[in-house]
1. Counting only Cα atoms, I'd like the Rg/Rh figure for region 192-316, Kirkwood definition for Rh.
2. Regarding the chain, what are the three Cα extents along the principal axes, ordered largest first, in Å?
3. Can you give the accessible area of Lys195 in Å² (nearest 10), computed on protein heavy atoms with a 1.4 Å probe?
4. Can you give the accessible area per residue of region 179-337, in Å², using a 1.4 Å probe?
5. Probe radius 1.4 Å, ligands and nucleic acids ignored: give me the carbon and sulfur share of the accessible area of region 58-205 as a rounded percent.
6. Note the angle between two axes, namely the Cα long axis of helix 113-140 and the longest principal axis of the Cα atoms of the chain, as a number of degrees from 0 to 90, rounded to the nearest 10.
7. Give the distance, in whole Å, between the Cα centre of region 6-66 and the Cα centre of region 268-324.
8. Considering only protein heavy atoms and a 1.4 Å probe, what is the carbon-and-sulfur percentage of the accessible area of region 244-323?
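The values are calculated or read from the model by the stated rules, or taken from the named source; none is laboratory data. What you see is a predicted model, and the numbers here were worked out from it, not measured in a lab. Cβ placement follows ideal geometry from the backbone for every residue including glycine, while neighbour counts extend to all protein chains displayed. In case anyone asks, the SASA skips ligands and DNA or RNA and just uses the protein heavy atoms, side chains included. Shrake-Rupley method; radii C 1.70, N 1.55, O 1.52, S 1.80 Å.
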Amino acid sequence: MEALLHFLPQVWFVILGLFLFLYVLLDGFDLGVGILSLTSSDEKRRSLLMTSLGNVWDANETWLVLMAGALFGAFPLAYGTILNALYLPLMVMVVGLILRAVAFEFREHSDNKSFWNFAFGIGSFIASLFQGFALGGVLAGIKVDAAGHFIGGIWDWLSWQSLLTALTLVQGYVLIGSTYLILKTEGTLQETHFKTAKLAAWTTFIGASLITITTPIVYENARDRLFHQPEVYIFALIPLLGILLIWLLLQSLNSKQEVASFVYTALIFLLTFIGLGFIAFPYIIPPTITIYQAASSATSMVFMITFIGFLIPIMLFYNIYNYFVFRGKVVTTEEGE
C-alpha cells in the first residue's frame, strides 16, 4: 500500500502534465490565430483566419476542462490553494475565453463582423497573457501555511518574472498559430505567416532564454534542483535541444516546409513542458507542498484512473478524426491574394 501511495501521485502528475500540454498545444494555436487576427491588414483576411478555426476551436478547450477536473479529483488541496492564489489572473483569463467564444458565435449572425472579429482577437490576447501570468505565479512559488492553505496576497502572482513568462507565452502562441496558418492557407496570406513565424520564433527564443537564465538566479528552490547531480545533466541537455529545435524550425521556415514547421514548433512546446516538469517535480504547490502531501485517497485516484483510461483514447480519437475530416486549406491562392 505504501508503494501504491507513492506511485499513484506520480502517475497523476504525468497525466495532468499531459492534459496541460495538449491544451497549450491545441488551444495555443487557436489563441495564436486570434492574436494574429489583430494584425491582419483587412477584414477579409481576419475573417479567413477565424474560418480556419471554425471546426476545431471548441474541441481544443475541452482539455482545459478535463485538466481542472483531474486536478480537483487527484490533488484537491492543490486545486483549492492554486485557485485561491491565482484567483485574479484566472478570472481574467476566463473572461478572455468567454469573450472570444461569444465573439466567434455572434459574428456568424452579425452584419458588423469587424466588431466581433476584433473582440475575438482581444479575448485571445487577454486569455493568453493571463495564462502566462498564472504560470509565472506558480513557478515563483505560492505562500502557504503548514496545512497547505494560501496565506499570500492577491497580487503575489504579479512580478517582473511572471510578466516575462506571460509575454513569452504570448509569443509562443503566436508562433504555433503562425505555423498552423501556414498549414491552412496559401498564397500571400501564407507568405505573411511564414514571416510572422520567423519573428515569433526569435522572440520566443529570446524570452525562453531569459527565463532559463534568470530562473536559477531568482528562485532558490529551482537553483537547488537545477544544479543537483545527476539532474544537472538533464537540465543542461534541455536548452541544447531547444536551440537545435529552434534552428531546425528556422531552417524549415526558410525552406517553406509547411508540415515540418508545425512539427518542430510542437516539439519545442513538448520540450518546454518536460523542462517545467523536471523543475516542479515533486511539488504540486511550489516550493513547499509535494504531490504526496496534496494527493487524494488511493481509492479516489484508482477510480479516476479507471475512468480516465477510457476517456483519454476517446478524446484523442475525436480530436484526430476532427482534424482529419477538416484537413486542407481554407482559401485558394486567388482568395489569399
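1. Values: Rg = 18.5 Å, Rh = 17.2 Å.
Using only Cα positions, Rg/Rh for region 192-316 is 1.08.
2. 64, 40, 38
3. So the heavy atoms of Lys195 present about 140 Å² to solvent.
4. Values: 8790 Å² over 159 residues.
That works out to 55 Å² for each residue.
5. On the way: 4520 of 6210 Å².
Roughly 73 percent of what the probe reaches on region 58-205 is carbon or sulfur.
6. 20
7. After rounding, the separation between the Cα centres reads 17 Å.
8. Working: 3290 of 4250 Å².
Here it works out to 77 percent.
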